[in-house]
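Undergrad: Before anything else, here's the structure in question.
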Amino acid sequence: MNYKQLKILAVLCMVFDHVIRIFPLYRMFAPLADWLWSGGHDAAADWLLDGLPLYLMLIGRLAAPIFLFCIAQGLLHTHDVKGYLRRILLTALAAQVPYALFSLAEYRVDGIADLWSWQNTGLNICFTLALGLAALAVYERLAERGHPLSWVPVCAAATLLAFLLHMEGGKGYILLIFTFYLTRNRPRWQRAVWFIPAVVLSRWGLVQWILEDFTAGPIRNCLLNVGGNYLGMLATLAYNGEKGDAGRGFQRFMYAFYPAHFALLALIGFLRPPLA
């Protein structure tokens with residue numbers, strides 16, 4: 001799978017994840033579940049509403065790790081780091097208002113009428129990607145000057161900044177970007193192994209929760225957000241090192257699509273009636 005195909009996969013997974021926040025899966029499956037219940041197939045109906053949505057939601061969790069991987073690869077192949085960083089930051093700025101409106105629309109669909117819920121919306125993932133790219137560029141410069149272990153303080157400082165600024169994935173996504181970069185020359189099986197501690201550390205809060213409370217809720221949450229991210233990291237192992245036909249038109253479309261899809265889904269979310 002080339003770079004362009006990986007990006008398309010990430011976008012499709014992202015769109016799926018965001019669409020089901022405006023059109024929840026359990027609502028889509030409810031008529032079929034009612035039919036199953038009426039026929040006495042209670043177990044099948046319960047699984048349709050409770051089990052199947054969990055597995056389908058894993059699709060959406062593949063997106064972020066692939067985007068993080070693309071940042072690490074982007075630094076390796078770009079001839080203009082500052083220009084690359086500028087494009088990501090402009091996309092982040094353009095997407096922030098639609099991103100906040102999308103969150104409000106999601107709250108509205110869920111029946112939450114608090115108009116100030118937007119204050120709980122952090123910065124979108126493009127800010128995280130930009131910070132990760134900048135941190136990698138700093139580390140690369142330090143490594144060239146003979147400081148190969150400088151990735152530790154650089155990664156820690158960037159993670160702290162992402163957390164303080166409430167960036168999406170602020171507690172762990174920077175670490176995953178560095179993991180992709182530092183393991184890029186290792187065999188696939190070694191990368192798959194290194195991904196395990198990286199994703200555990202990146203989601204340590206959830207892992208700690210399940211260690212303290214080994215019940216259905218924490219297990220489901222951990223399976224979705226830790227296991228899903230690991231599957232996304234494994235998906236990057238399909239990368240064949242080729243760029244693909246990712247010309248400027250494709251790149252411009254990708255940058256424009258991110259804020260545009262939030263704006264469209266936010267509009268739909270405000271137009272449709274709240275769930276009962």
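The values are calculated or read from the model by the stated rules, or taken from the named source; none is laboratory data. Remember, predicted model here, so these are calculated numbers, not experimental data. Neighbour counts are summed over all protein chains in view; Cβ atoms, including those assigned to glycine, are modelled from backbone coordinates with ideal geometry. Surface accessibility is based on the protein's heavy atoms, side chains included, excluding ligands, DNA and RNA. Shrake-Rupley method; radii C 1.70, N 1.55, O 1.52, S 1.80 Å.
Undergrad: Look through the stretch 51-96, keep the residues that are in a helix (DSSP H, G or I) and without any contact (Cβ under 8 Å) to a residue 24 or more places away in the chain, and return whichever of them is farthest from residue 137 (Cα to Cα).
TA: The qualifying residue farthest from residue 137 (Cα to Cα) is 55.
Residues are listed down the side, and each one gets a yes or a no for (1) modelled with pLDDT of 95 or more; (2) at negative phi; (3) not in a helix (DSSP H, G or I):
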| position | (1), (2), (3) |
| --- | --- |
| 150 | no, yes, no |
| 154 | yes, yes, no |
| 158 | yes, yes, no |
| 162 | yes, yes, no |
| 170 | no, yes, yes |
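Undergrad: Is there a residue being of a type in the set (Asp, Glu) and assigned to a helix (DSSP H, G or I) anywhere in the stretch 231-243?
TA: Among the residues of the stretch 231-243, not one is of a type in the set (Asp, Glu) and assigned to a helix (DSSP H, G or I), which makes the answer no.
Undergrad: Something else now. Filter the stretch 4-28 down to the residues that are open to solvent by 30 Å² or more (accessible area, probe 1.4 Å) and at pLDDT below 90 and list them by number.
TA: Passing the criteria: 26, 27, 28.
Undergrad: Would you confirm whether any residue within the stretch 257-272 is open to solvent by 30 Å² or more (accessible area, probe 1.4 Å) and part of a loop (DSSP other than H, G, I, E, B)? Steps first, answer last, please.
TA: Initial filter on the stretch 257-272 (open to solvent by 30 Å² or more (accessible area, probe 1.4 Å)): 257, 260, 263-264, 267-268, 270-272.
Narrowing further to those that are part of a loop (DSSP other than H, G, I, E, B): 272.
Checked against the condition, which is being open to solvent by 30 Å² or more (accessible area, probe 1.4 Å) and part of a loop (DSSP other than H, G, I, E, B), the stretch 257-272 yields at least one hit.
Undergrad: Quick check: is even one residue across the stretch 22-34 within 30 Å of residue 239 (Cβ to Cβ), in a loop (DSSP other than H, G, I, E, B) and in contact with a helix residue (DSSP H, G or I) (Cβ under 6 Å, 6 or more places away or on another chain)? Can you show your working first?
TA: Taking the stretch 22-34 as the starting set, the residues that turn out to be within 30 Å of residue 239 (Cβ to Cβ) are 25.
Within this subset, residues satisfying the condition of being in a loop (DSSP other than H, G, I, E, B) are none.
The answer is no; no qualifying residue exists.
Undergrad: Residue by residue through the stretch 1-39, note down the ones that are free of Cβ contacts under 8 Å to residues at least 24 places away in the same chain and over 13 Å from residue 66 (Cβ atoms).
TA: Scanning the stretch 1-39 gives 23, 28, 30, 31, 32, 33, 34, 35, 36, 37, 38, 39.
Undergrad: Within the bounds of the stretch 214-225, is there any residue that is open to solvent by less than 60 Å² (accessible area, probe 1.4 Å) and under 19 Å from residue 68 (Cα atoms)?
TA: So far as the stretch 214-225 goes, yes, one or more of its residues are open to solvent by less than 60 Å² (accessible area, probe 1.4 Å) and under 19 Å from residue 68 (Cα atoms).
Undergrad: Just give me the residues in the stretch 33-51 being open to solvent by 40 Å² or more (accessible area, probe 1.4 Å) and within 28 Å of residue 222 (Cβ to Cβ), in sequence order. Write out each step before concluding.
TA: In the first step, residues of the stretch 33-51 are kept if they are open to solvent by 40 Å² or more (accessible area, probe 1.4 Å); the result is 34-35, 37-44, 46-47, 49-50.
42, 43, 44, 46, 47, 49, 50 - these are the residues of the stretch 33-51 that are open to solvent by 40 Å² or more (accessible area, probe 1.4 Å) and within 28 Å of residue 222 (Cβ to Cβ).
Undergrad: Among the residues of the stretch 161-168, is there at least one that is of a type in the set (Phe, Trp, Tyr) and within 19 Å of the chain's Cα centre (by Cα)?
TA: yes
Undergrad: Next question, about the same structure. Would you be able to tell me the number of residues in the stretch 74-109 that are farther than 22 Å from residue 165 by Cβ and open to solvent by less than 20 Å² (accessible area, probe 1.4 Å)?
TA: Qualifying residue count, the stretch 74-109: 3.
Undergrad: Condition test on residue 136, is it assigned to a helix (DSSP H, G or I) and open to solvent by 80 Å² or more (accessible area, probe 1.4 Å)?
TA: no
Undergrad: Name the single residue that is nearest to residue 74 (Cα to Cα) among those in the stretch 231-244 being open to solvent by 50 Å² or more (accessible area, probe 1.4 Å) and in contact with a helix residue (DSSP H, G or I) (Cβ under 8 Å, 6 or more places away or on another chain).
TA: Looking at the filtered set, the residue picked out is 243.
Undergrad: Determine which member of the set 198, 246 is among the hydrophobic types (A, V, I, L, M, F, W, C) and modelled with pLDDT of 95 or more.
TA: Values: 246 fails: modelled with pLDDT of 95 or more.
Answer to the selection: 198.
Undergrad: Follow-up. Restricting attention to the stretch 183-200, and to residues there that are in a helix (DSSP H, G or I) and either within 16 Å of residue 70 (Cβ to Cβ) or of a type in the set (Phe, Trp, Tyr) (or both), which single residue is least open to solvent (accessible area, probe 1.4 Å)? Give the derivation first.
TA: Initially, the stretch 183-200 is screened for residues in a helix (DSSP H, G or I), giving 188-200.
Next, from what is left, pick out any that are either within 16 Å of residue 70 (Cβ to Cβ) or of a type in the set (Phe, Trp, Tyr) (or both): 189, 191, 194-195.
Working: 189: 166, 191: 39, 194: 130, 195: 2 Å².
Result: 195.
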